[in-house]
Amino acid sequence: MLLTILKVAIDAPLDTLFDYLAPETGPLPPPGSRVRVPFGRRRPVGLVMAHGETSEVPVERLKPVLETLDTAPLFDTELLRLIAWTARYYQAAPGGVAATAMPAPLRQGKPLPEPPARLVARGPAPDAMHRRAPKQAALLDLLAARPRRTDDPDLPPGWRAGAARLAARGLVEFETEPLAAAWADAIAGPPLNAAQSTAAAAIVADLGRFSARLLFGVTGSGKTEIYLTAAAECLRRGLQVLVLVPEIGLTPQLVQRFASRLGAPVAVLHSGLSATDRLVAWNDARSGRAAVVIGTRSAVFVPLARPGLIVVDEEHDPSLRQHEGLRYSARDLAVMRASLAELPVVLGSATPSLETLRHARDGRYSLSLLPDRPGGAVQPRVTLVDLRRHPAVEGLSAPLLQSMRSHLEAGGQVMLFLNRRGFAPALFCTSCGWVAECRHCDARYTWHRRIQRLRCHHCGDETGLPAACLQCGADLRPVGEGTERLEDALARHFPAVKIARIDRDSTRQRGAVERILDDVRDGHTRILIGTQMMAKGHDFPEVTLVGVVNADQGLFGTDFRAGERLAQTLVQVSGRAGRAERPGEVLVQTSYPEHPLLQCLLSGGYEAFAEAALEERRTAGWPPYSHLAILRAEATRPERAMTFLAACRRATAAPEGVAVLGPAPAPMEKRGGRWRAQLLLQSAERPALHQALAAFRGLATDLPEARGVRCFFEVDPQDLF
Ligand code: ADP
Ligand code: ZN
Ligand code: ZN
């Protein structure tokens, strides 16, 4: 008889699956289910990835799993394949990927939550019961007022015993909650225009087979309406829809829009949820109770009982990429998942990434265009303000102030965009030029005046304000402007106007973003200052003027993606102006109005910019015309990371067609007390690149120079530092 060997993913820093025998008693755990295994001195939870018949380890040395934790698989075959693919592609341990794919309680071996039931009372408690068994009577009265789900927080502690006794007497019944509980009548949306109908029909026509489609629609062109229309058809066929959005795009308004327009139960998955809420939502997706699942990047791994369609909104957004631990692109994984599960995936954006645009051009992705805003709303007029002719004081030039005044007088609202929080990005000595620098990083401290602290935005270090220059004793002066300084300056210019600021500092408290945005929507707040947190996703029909305080930060970025990011931000921010009947206006302050990127955007919009940028990338051989991976190393002692990477390079012969560049110190070499260096791998061919990665992979532990060095790969890095 052939032995069945379980191939198990365990969260350990090793690239392999581990072989175990079936448990001594009970049924064989199927692929996709969790098991507890003996592993050295630990007894971790593992995920059965596959069954096999052979092992490289002699059979007599294999151990049986200790316990089967699930009776039914958590993940289906397609998701297991996605997990395995992710591990291979991103050079990660399969156990680590499996851990990322599971909510924390499941990782710890807790059971799946039972599907909630409803407790229904036959009637209120009789008087006698109030005297003899007051607790049971109170429970019965609570349920008589309205049935409760077993996960209702209003149920008193210890209610289960009481409910069981009441049930035994026929006074209370447990009903499994009908799936339709959260279904309601769908509320109709606006009739689609021609371009929208064509796009929606094309998505619907692809249901049931793999297709990747770029939905390229200017801001406010009604992309969400298309998602809703395609989703409605999906639900009619009994299929579920997965919608991935960037972190700040996941607003209660968006969830509400999907729930009410589809009249369907929506599960929401994001990092702000408690572990329990996350598990419940995850399980609702897996069991099929939730018809629509809206989530941030890690939701790309959520199991679905009947997957039908995947939508990635704002597909260009950097927050769809995870930058710690498992470094992956949720957008790219969504496309892979769709292909494995044979579903359509829609990538929507007003400013698509150059990668996606190239796929659309090459015909690998289908393309739907929405060139106009519905209902006659026009695109805002964009004007550059030349800061050389109109110098800014505390960030504000005369033309910007003038324009703000006239828009406010006309009853409009104003948004000012400045991607820099705090009061000032630097604190200089007025006499000797000394500048306050972080003790752990090659970076300046930002002066946060509200809390009277200097703070490093790279490592989070904080310190008090020195009374005077540490070098010569002269006075210190904050230089440059952040959102706090802008807020103070505007309060002086517009004393009667309510101003709000939205950045990471002003929104630390739960619900703060919503409070601020509600005040903008209600019209109380007339001027909103914000970082990229407010750049997208929020619809403010009364905003008629958008000011970009400083476009120059992005114009001369060292990274090859800097231009793309700036263009995306400018277009997205501009898209906040004039969404309704009121025409919008955008003012962009810059010292380089003749810069080709700005000129190109202004005359031809994002499409013209993208055209030029793609051509530039092609000539230079940068992505999407080549593929990149970085081996990053860091150490608490200087030189170590560089020495290690140099040794890696010497020890490995890169395959043909792969260029190895470096090692070089990271552009910010010291960060958070660690010295960092990197080795860049570049190739036009993916297989060659991945072959090279595999060759470098083993070295991290084998080389003597690896001592005291932390290293990891980043495949398809978003930036080079
Ligand atoms: P996007 O997702 O592209 O930013 P939305 O779908 O949110 O755009 O649409 C922007 C605004 O235009 C919303 O208020 C939406 O209700 C409205 N809208 C979208 N499509 C239509 C249409 N066909 N007719 C009228 N209004 C529409
Ligand atoms: Zn000084
Ligand atoms: Zn620092």
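Some points to look at:
- Selection from L28, Y90, V59, by position along the positive dipole direction of segment 5-107 (Cβ): Y90
- Among the cysteines of the chain, C234, C459, C600, C648, C711 have no other cysteine beta carbon within less than 4.7 Å of their own.
- Each residue, L703 and R388, gets one label point 7 Å from its Cα in the Cβ direction; the gap between the two is 4.7 nm.
- Fraction in percent of alpha-carbon pairs per bin - 5 Å, segment 608-721: 2, 13, 22, 22, 17, 12, 7, 4, 2, 0, 0
- Distribution of pairwise C-alpha distances over segment 5-107, 10 Å bins, in %: 16, 53, 29, 2
- Given their separation in residues at 0.36 nm each and the Cα-Cα distance between them, S287 and A467 gain 58.7 nm when the chain is fully extended.
- Within straight-line cross-link reach of K670, lysines at Cα separation under 17 Å, skipping those fewer than 8 residues along the same chain: none
- Normalising the Debye intensity of segment 147-267 to I(0), with uniform scatterers on Cα atoms only, and taking log10 at q = 0.09, 0.14, 0.15 Å⁻¹ returns -0.41, -0.74, -0.80.
- Loop sites in segment 623-669: GluC sites (Glu not before Pro), DSSP, at most 13 other Cβ within 10 Å: E639, E656
- Apolar share of the accessible surface for the chain: 52 percent from carbon plus sulfur atoms, 1.4 Å probe.
- Antiparallel DSSP beta bridges within segment 194-375, as percent of all bridges there, nearest 5: 5
- Difference of contour (0.36 nm per residue) and Cα-Cα distance, R405 to D362: 10.7 nm
- At a probe radius of 1.4 angstrom, the accessible area of segment 1-116 per residue rounds to 52 square angstrom.
- Averaging 1/r across all pairs of distinct Cα atoms in the chain and inverting the result yields a Kirkwood radius of 28.8 Å.
- Note on K63: aspartates and glutamates with a C-alpha under 16 Å away, same-chain residues under 8 apart excluded, are D19, E24, E53.
- Counted over the chain, the DSSP beta bridges are approximately 55% antiparallel.
- q = 0.28 Å⁻¹, segment 117-176: log10 I(q)/I(0) [Debye, one scatterer per Cα]: -1.31
The values are calculated or read from the model by the stated rules, or taken from the named source; none is laboratory data. The structure presented is a predicted model; accordingly, all values stated were derived computationally and were not measured. All Cβ positions, glycine included, derive from the backbone under ideal geometry; neighbour counts span all protein chains shown. These accessible areas exclude ligands, DNA and RNA; they are computed on the full protein's heavy atoms, side chains included. Shrake-Rupley method; radii C 1.70, N 1.55, O 1.52, S 1.80 Å.
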